[in-house]
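Novice: Input: one structure, supplied below.
The values are calculated or read from the model by the stated rules, or taken from the named source; none is laboratory data. The structure displayed is predicted, hence computed values, not measured ones. Cβ placement follows ideal geometry from the backbone for every residue including glycine, while neighbour counts extend to all protein chains displayed. Please note that ligands, DNA and RNA were not included when accessible areas were found on the heavy atoms of the full protein model with its side chains. Shrake-Rupley method; radii C 1.70, N 1.55, O 1.52, S 1.80 Å.
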Amino acid sequence: MSYVFIKIILSVSESISIYETAAVDRLRAELKFEPRRLRALRTAYFKKFLGMESALAELPAEVRDEFARRVEFHSLTVAETHDSQRDGATKLVLRTAAGYSIEAVLMRTGTGRVSLCVSSQVGCAAACGFCATGQMGIAKSLSTAEILDQIVLAGERMHFEGRPVRNIVFMGMGEPFHNEQAVYEAVAALVSPELFHYPPGRILISTVGIPDAMVRCARRFPQVNLALSLHSVRQDVREQLIPLAAIYSLEELRAAVAKANQIQKNSVMIEYLMLAGVNDSADDANDLAAWMTGLDVHVNLIPYNPIDSAPQWRTTEQPQRDAFAAILRTAGFTTTIRYSLGADIAAACGQLVQRENRQVARQQTTQATSVG
Ligand code: SAH
């Protein structure tokens, strides 16, 4: 008797996520309104980014409240927004229901295009020494809804500016391939004609370098772009920068890029963080060119955005960076230099929320200990 009662309470209080298409379709049937009304709601919410209220206005008045009560539209709340005074970057600090903060960064480039950088985790187990997120000391995966809500909240903001988001890059907090299923489900929702209907070629997933996952991703989403954070083609230097390099060798990574090339039309982006005296000599450039020979890749050189916990590193100065790029270009590789946006709002991912998240993690551990 009490079991049945609890089940009833649970089924009433548990809300459906707006992304669960089958469950939302069932709710529509239960509330008995026309399928075209639900299609209109989805168009308003996912494709036009008009916001929850406008989307709900597409439903018949008599079912609106019940639908809003049963369906969860947002899994995040906007805690802070920081607009850069220097350039077109806006950082959104978003809060999860568990109290963690994540960052999504909007970058408006001079050409008028807008890119959105999204997070896949709170913290990151890869623990790279140069990365604020890696140094947070925690790693919690976001749900599919939490990944997608970043896109909705940022999309609504850009809708009001009249400049739609063109590119979505998984380059925010976390390692996307440590949260593979949720990231794939998010990408599937993004490209789904029923939901966002977003072009796969404008999505990019950046990874610390997990060979098997790169190939799986290429197979499942051949049009989605891949980026590999290579940062050095010397095994010892790469291990010094990226602890996971000890597990995934440079040969395995090269084989994974070659495999992705066989599956995909687009070239793979090679990200290369520039650290003075560490990985930026002419020899480093020549060895990188040799490593890339035979691969369909392009290079993005990234100036280092200093973080407090890594005072030992400095970014490569411009003349040396240009010389490095020139060697790669002469060797035949398209090479761009990442224009660093939002330095004044600590746009290097994870920098703003590092301390807050450590606190939340500590509190939750204390609570769990005292409960247990
Ligand atoms: N985990 C994924 C995606 C997140 S990081 C990855 O490793 O690719 C996105 C990019 O920003 C990576 O190339 C990463 O190496 C780089 N990055 C991290 N911290 C940085 C910093 N302080 N300055 C410049 N680039 C940084």
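Novice: Restricting to region 258-297, and then to whatever is open to solvent by 30 Å² or more (accessible area, probe 1.4 Å) and charged (D, E, K, R), can you tell me which residue is farthest from L226 (Cα to Cα)?
Specialist: Taking the candidates together, the pick is D283.
Novice: Can you tell me which of G123, G155 is within 26 Å of Y248 (Cβ to Cβ) and either within 14 Å of the ligand (Cβ to nearest atom) or open to solvent by less than 20 Å² (accessible area, probe 1.4 Å) (or both)?
Specialist: G123
Novice: Give region 170-187 a look and list any residue that's open to solvent by less than 40 Å² (accessible area, probe 1.4 Å) and over 17 Å from A126 (Cβ atoms), or say none.
Specialist: Once the filter is applied, which keeps residues that are open to solvent by less than 40 Å² (accessible area, probe 1.4 Å) and over 17 Å from A126 (Cβ atoms), region 170-187 yields Y184, A186, V187.
Novice: Can you tell me which residues in region 293-333 are over 30 Å from K259 (Cα atoms) and aromatic (F, W, Y)?
Specialist: The answer is W313, and nothing else.
Novice: Right, another one. Kindly indicate whether P311 is more than 26 Å from Q135 (Cβ to Cβ), free of Cβ contacts under 8 Å to residues at least 40 places away in the same chain and not polar (S, T, N, Q).
Specialist: Numbers: more than 26 Å from Q135 (Cβ to Cβ): no; free of Cβ contacts under 8 Å to residues at least 40 places away in the same chain: yes; not polar (S, T, N, Q): yes.
It is false that P311 is more than 26 Å from Q135 (Cβ to Cβ), free of Cβ contacts under 8 Å to residues at least 40 places away in the same chain and not polar (S, T, N, Q).
Novice: Something else now. Kindly provide the set of residues from region 12-31 that are hydroxyl-bearing (S, T, Y) and crowded, with 17+ Cβ neighbours inside 10 Å, ordered by number.
Specialist: S17, Y19
Novice: Restricting to region 131-147, count the residues that are at pLDDT 95 or above and either among the aromatic types (F, W, Y) or in a strand (DSSP E or B) (or both).
Specialist: Of all residues in region 131-147, those at pLDDT 95 or above come to 140-147.
Within this subset, residues satisfying the condition of being either among the aromatic types (F, W, Y) or in a strand (DSSP E or B) (or both) are 140-141.
Qualifying residue count, region 131-147: 2.
Novice: Which residue out of S115, S75 is of a type outside the set (A, V, I, L, M), away from the ligand (no atom under 16 Å from the Cβ), buried (at least 17 other Cβ atoms within 10 Å of the Cβ) and in contact (Cβ under 8 Å) with a residue 24 or more places away in the chain? So that I can check it myself, show each step before the final result.
Specialist: Numbers: S115 fails: away from the ligand (no atom under 16 Å from the Cβ).
Answer to the selection: S75.
Novice: May I ask you to list the residues in region 194-230 that are within 13 Å of the ligand (Cβ to nearest atom) and open to solvent by less than 10 Å² (accessible area, probe 1.4 Å)? Even if it seems obvious, please write down each step before you answer.
Specialist: Let us first name the residues in region 194-230 that are within 13 Å of the ligand (Cβ to nearest atom), namely 204-210, 213-214, 217, 225-230.
Passing the criteria: I205, T207, G209, A213, M214, C217, L226, A227, L228, L230.
Novice: Hey, another quick one. How many of the residues making up region 305-341 are part of a helix (DSSP H, G or I) and more than 15 Å from the ligand (Cβ to nearest atom)?
Specialist: 12
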